[in-house]
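The values are calculated or read from the model by the stated rules, or taken from the named source; none is laboratory data. Everything numeric here is computed off the predicted structure, so don't read it as measured data. Here Cβ is always computed from backbone atoms with ideal geometry, including for glycine, and neighbour counts include all displayed protein chains. For accessibility, only protein heavy atoms count, side chains too; no ligands or nucleic acids. Shrake-Rupley method; radii C 1.70, N 1.55, O 1.52, S 1.80 Å.
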Amino acid sequence: MREKLHVLNHPLAASFLSDIRDQHASRAVVRHRIRALALMLFYEATRDLPQQNVKVTTPLTETDGTRVGGTVGLVPILRAGLGMVDGILEVIPDARVFHLGVFRDEKTLEPVEYYSKLTQHSPVDRAFILDPMLATGGSACHAATTLKNWGVKQIKYLGLFGAPEGIKKLSDAHPDVEIYLGAVDSHLNDRGYIVPGMGDAGDRQFSGE
Ligand code: PRP
Ligand code: URA
């Protein structure tokens, strides 16, 4: 795998991913773990955020400090990416959020876009695509192409589980897009589901029994 693939390597991340994989995990647990893992991924993916020097006056003296520069956009792919937004907003509450509605056609596994308001706004400097599942990679490639057409210069993809097939597809189509994952799984099954994965990430968070 290429250099632009980063995989979380932390005991807490591994434990949370195991919790999510468990078919008996409650919706509350799945939501909590996705939120926490998204934040861990965001920390990793923002080590190169530009910094602006500022002066800060403490109760004792003036000192040098920094603040984050540039505009940041979070781009959750509906539905499953929604669960990754709130945790990240805790550390970057000013970030803009651009929802992208994309579902995967069940038969062809091709992405179908059903919601986007991107072009009504000016592009952000850097965008983070949020989606727990990188399966065939079709949805991620579609999102990256959409963001590039909008004018975003730096794009990163944040996901929980990636299949080798999806990682390759996204890397080949968008070699400039860095990929941050919780885990690289074994393969896709004949319905395009990640194995072992977590099943349907939208249903597990929102509408499953
Ligand atoms: C899931 C997931 C990704 C996509 C990944 O969404 O959240 O967006 O599938 O598959 P791909 O890599 O093969 O494109 P889904 O289409 O199930 O929509 P949902 O989140 O609304 O359930
Ligand atoms: N979408 C999901 O929700 N899960 C998968 O395993 C693949 C695509």
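If the condition is being more than 16 Å from ligand 2 (Cβ to nearest atom), β-branched (Val, Ile, Thr) and either open to solvent by 30 Å² or more (accessible area, probe 1.4 Å) or not in a loop (DSSP other than H, G, I, E, B) (or both), then the stretch 149-178 contributes only ILE155. Restricting attention to the stretch 179-195, the residues that are within 25 Å of PRO11 (Cα to Cα) and either in a strand (DSSP E or B) or in contact with a Leu (Cβ under 9 Å, 6 or more places away or on another chain) (or both) add up to 9. Among the residues here, ASP48 qualifies as away from ligand 1 (no atom under 15 Å from the Cβ), among the charged types (D, E, K, R) and either open to solvent by 30 Å² or more (accessible area, probe 1.4 Å) or at pLDDT 95 or above (or both). Every condition in (1) touching a strand residue (DSSP E or B) at 6+ places or on another chain (Cβ under 9 Å); (2) assigned to a loop (DSSP other than H, G, I, E, B); (3) open to solvent by 50 Å² or more (accessible area, probe 1.4 Å) is met by ASN9 except one, and the failing one is (1). So in the stretch 121-148, with the set limited to residues that are among the hydrophobic types (A, V, I, L, M, F, W, C) and part of a loop (DSSP other than H, G, I, E, B), which one is nearest to ligand 2 (Cβ to nearest atom)? Top of the filtered list is ALA135. Count of the stretch 65-105 residues, restricted to those that are touching a residue at least 24 places away in the same chain (Cβ under 8 Å), within 16 Å of ligand 2 (Cβ to nearest atom) and surrounded by fewer than 14 Cβ atoms within 10 Å (Cβ to Cβ), is 0. For GLY137, are the conditions met, namely being modelled with pLDDT of 95 or more, under 19 Å from ARG31 (Cα atoms), open to solvent by less than 10 Å² (accessible area, probe 1.4 Å) and within 10 Å of ligand 1 (Cβ to nearest atom)? For GLY137, the condition - modelled with pLDDT of 95 or more, under 19 Å from ARG31 (Cα atoms), open to solvent by less than 10 Å² (accessible area, probe 1.4 Å) and within 10 Å of ligand 1 (Cβ to nearest atom) - is not met.
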